[in-house]
Amino acid sequence: MASQVIKCKAAVAWEAGKPLSIEEVEVAPPKAHEVRIKIIATAVCHTDAYTLSGADPEGSFPVILGHEGAGIVESVGEGVTKLKAGDTVIPLYIPQCGECKFCLNPKTNLCQKIRVTQGKGLMPDGTSRFTCKGKTILHYMGTSTFSEYTVVADISVAKIDPLAPLDKVCLLGCGISTGYGAAVNTAKVEPGSTCAVFGLGGVGLAAIMGCKVAGASRIIGVDINKDKFTRAKEFGASECINPQDFSKPIQEVLIEMTDGGVDYSFECIGNVKVMRAALEACHKGWGVSVVVGVAASGEEISTRPFQLVTGRTWKGTAFGGWKSVESVPKLVSEYMSKKIKVDEFVTHNLSFDQINEAFELMHAGKSIRTVVKL
């Protein structure tokens, strides 16, 4: 099948705000510097729902969503040297070309090599590899893992340990890596420090895990859903608080609880008001707040400049700061050696034809991550 069109099942988003539709699609063979992957498992992330809702300014339809997947290389295009058929891989929504000025700078992981075409839902040559019912279907985040087969750029693939369980490590394609890296890479949490994590979904739990691995002595989980507190403590939170239980702003509560504020805070929701609270909960002189959540299009953040003048730092992170091609295999190894949790994030497993139920579970707050087997 290496040079043939493959017909397979995919979950197509025909338009914003509508459920996904399981369709037969045609997946063209990989062109130069492309890889075709048989997806074994994929998870459903809030970012998929954000695009499906129609709020994503880059969202275009019809499209095959999905960006937390894992699978096996089926074939490679001309010029692909680092991957071959049979390799176990995780597709990456942030590539690593190793050549652009971003890749060459140790301060960032934001490779820009294929950013423009990826944002338009196209492969680097400006075309799509997906068709359905005679119509061109767009790619998503350079990955499109809601398809039994997908085609990605060769710089958007991490080759991983073939012994890794794909229905677990698919989560390292986004959420876990993002939250964990926000703590260990972006904030660089130090031993003995005090941290607050706002939002106890998958990314927030991963941030808690990162703070714990980094040696934080006190980790405070913040969420308006108290049902999430027990699990947050299992991941390393020392205590959890609900902003709705207090008559004063949550940042004031945290300042009182921590003798002046936390050393590090993480906003893992995508709410601009919470981003402000997270910054203002930081300690004067040295507090660092990391924006991890993605806010809706057109939103802006605000605070009094005095918050920054008096020594607080506001930072942001994408994919936890990991340089993807080289870092994801190491994260898989950390999971295999039990340094980081992955299995514990999976609350539900569903079949491919139940994919819309995965979105329903997420919107209802009943799941951390639902894994869909293809």
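The values are calculated or read from the model by the stated rules, or taken from the named source; none is laboratory data. Treat the numbers as computed from the prediction; the structure is a model and nothing was measured. Because the Cβ atoms are built from the backbone with ideal geometry, glycine has one as well, and the counts that use them run over all protein chains shown. Heavy atoms of the whole protein, side chains included, go into the accessibility calculation; ligands, DNA and RNA do not. Shrake-Rupley method; radii C 1.70, N 1.55, O 1.52, S 1.80 Å.
In region 195-211, is there at least one residue being surrounded by fewer than 22 Cβ atoms within 10 Å (Cβ to Cβ) and either in contact with a Phe, Trp or Tyr (Cβ under 7 Å, 6 or more places away or on another chain) or not aromatic (F, W, Y) (or both)?
Applying the first criterion (surrounded by fewer than 22 Cβ atoms within 10 Å (Cβ to Cβ)) to region 195-211 yields none.
The answer is no; no qualifying residue exists.
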- Item | Residue tally, condition among the small types (G, A, S), assigned to a loop (DSSP other than H, G, I, E, B) and either out of contact with any Leu (no Cβ under 6 Å at 6 or more places or on another chain) or within 18 Å of A318 (Cα to Cα) (or both), over region 58-81 | 4
- Query: Which one of these is part of a loop (DSSP other than H, G, I, E, B), farther than 30 Å from N271 by Cα, open to solvent by 10 Å² or more (accessible area, probe 1.4 Å) and hydrophobic (A, V, I, L, M, F, W, C): A2, A55, A16?
  - Reply: A2
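Check every one of the helices (runs of 4 or more DSSP H) wholly within region 264-374 and list those with 1 or more residues that are basic (K, R) and out of contact with any helix residue (DSSP H, G or I) (no Cβ under 9 Å at 6 or more places or on another chain).
On the way: elements: 272-280, 305-309, 324-336, 355-363.
Those helices (runs of 4 or more DSSP H) span 272-280, 324-336.
Only one of these is out of contact with any strand residue (DSSP E or B) (no Cβ under 8 Å at 6 or more places or on another chain) and among the small types (G, A, S): S247, S156. Name it.
Just one listed residue meets the conditions, S247.
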- Task: For region 348-374, name all the residues that are closer than 17 Å to G69 by Cα and among the acidic types (D, E).
- Result: D353
- Tell me, yes or no, whether region 252-259 has at least one residue that is open to solvent by less than 10 Å² (accessible area, probe 1.4 Å), of a type in the set (S, T, N, Q) and modelled with pLDDT of 95 or more. no
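Quick one: would you say S21 is of a type outside the set (A, V, I, L, M, F, W, C) and touching a residue at least 60 places away in the same chain (Cβ under 8 Å)? If you could, list the steps in order and put the result at the bottom.
On the way: of a type outside the set (A, V, I, L, M, F, W, C): yes; touching a residue at least 60 places away in the same chain (Cβ under 8 Å): no.
So S21 does not fit the description; no.
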- region 346-369 residues that are in contact (Cβ under 8 Å) with a residue 40 or more places away in the chain and more than 20 Å from I224 (Cβ to Cβ), paired with ones that are open to solvent by 60 Å² or more (accessible area, probe 1.4 Å) and of a type in the set (A, V, I, L, M, F, W, C) (beta carbon under 9 Å, 6 or more apart): F352/I22; D353/I22; I355/I22
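To keep it simple, each residue is scored yes or no on (1) at pLDDT 95 or above; (2) not hydrophobic (A, V, I, L, M, F, W, C).
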{"site": "H283", "(1), (2)": "yes, yes"}
{"site": "G287", "(1), (2)": "yes, yes"}
{"site": "V290", "(1), (2)": "yes, no"}
{"site": "V294", "(1), (2)": "no, no"}
{"site": "E299", "(1), (2)": "no, yes"}
{"site": "F306", "(1), (2)": "yes, no"}
{"site": "V309", "(1), (2)": "yes, no"}
{"site": "T317", "(1), (2)": "yes, yes"}
